[in-house]
1. Label L155 and A34 with points 7 Å out from Cα along Cα→Cβ: what is the distance between them in nm?
2. Taking the Cα centre of the chain as the origin and placing charges on Cβ (Lys, Arg +1; Asp, Glu -1), which of G152, T79, W46 is farthest toward the positive end of the dipole?
3. What does the charge count near R154 come to, summing +1 for each Lys or Arg and -1 for each Asp or Glu among other residues with Cβ under 12 Å from its Cβ?
4. At a threshold of 8 angstrom on Cα-Cα distance, excluding pairs fewer than six apart, so keeping six or more, what relative contact order does region 98-151 reach in percent?
5. Measuring from label point to label point, each 7 Å out along Cα→Cβ, what is the T80 to D62 span in nm?
6. Nothing charged except the Cβ atoms of Lys and Arg (+1) and of Asp and Glu (-1): what's the magnitude of the dipole of the chain about its Cα centre? Round to the nearest 20 debye.
7. What's the extension gain from T49 to T17 if we count 0.36 nm per residue and subtract their Cα-Cα distance?
8. (i) 1.18; (ii) 1.60; (iii) 1.05: which one is Cα Rg over 2.2 N^0.38 Å as calculated from this entry?
Amino acid sequence: MTPLILLAAEKKSAEVTDWAARIGWLVGLALFVALVYWLMREGWKWRGTLQGDLPELPTVPDDPGPARLTMSGRYHGSTTAGQWLDRIVAHGLGTRSRVELTLTDAGLDVVRPGASDFFIPRAALREALLGKGIAGKVLTEGGLLLVTWAHGERLIDSGFRSDHAAEHTEWVDAINSMINKTETEGAR
């Protein structure tokens, strides 16, 4: 063999001689990650405390009527209306989850497995539109169904994404026509 090959064959990585320092760094890193996680959790809880003035979410009435539209997909959260980064976490509204939406003459029923369900009464609905983002979730233009509704003294935007994005336009039209019909009936 040539001397160059012999030198390459003899090369080995250096042995670790300071195990205490390495373990110390790993423990320090683990503690830092745990601290950051704990601070994030405390911030989430504090945001919920600040939003404690938000009343309890409405529940589905005994007879909501027949379903006009149904949709399955994802619930991406709720924010203060017009402020797509101001997430609302009170009453579980900040928890992302799967969702089953049902639009009836009484309003919008939001069923979320693993999270708290809620109901948006027809009188509380303000607007539906296609958007592209809400509190930590950005999609393509029109990829998100945004429903604006009144709850207590607050206007809230809730973001939904259907498993079949082509349904969004139908939902926007149905909700907005329902709102317009309610305003017309109220003006009489």
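The values are calculated or read from the model by the stated rules, or taken from the named source; none is laboratory data. Values in this document were obtained by computation on a predicted structure and should not be read as measured data. In this analysis, Cβ positions are derived from the backbone assuming ideal geometry, glycine residues included, and neighbour counts consider all displayed protein chains. Accessible surface is based on the protein model in full, side chains and every heavy atom, while ligands, DNA and RNA are left aside. Shrake-Rupley method; radii C 1.70, N 1.55, O 1.52, S 1.80 Å.
1. With each label placed 7 Å out from Cα toward Cβ, I get 4.6 nm.
2. W46
3. Values: positive: R126; negative: D53, D86, E153, D157.
In short, -3.
4. On the way: 82 pairs, mean separation 14.0, N = 54.
This gives 26 percent for region 98-151.
5. With each label point 7 Å from Cα toward Cβ, the separation is 3.9 nm.
6. Details: 20 positive and 23 negative charges, 139 e Å.
Result for the chain is approximately 660 debye, rounded to the nearest 20.
7. Working: separation 32, 0.36 × 32 = 11.52 nm, distance 5.04 nm.
Gain on stretching T49 to T17: 6.5 nm.
8. Structure-derived value, by its label: (ii).
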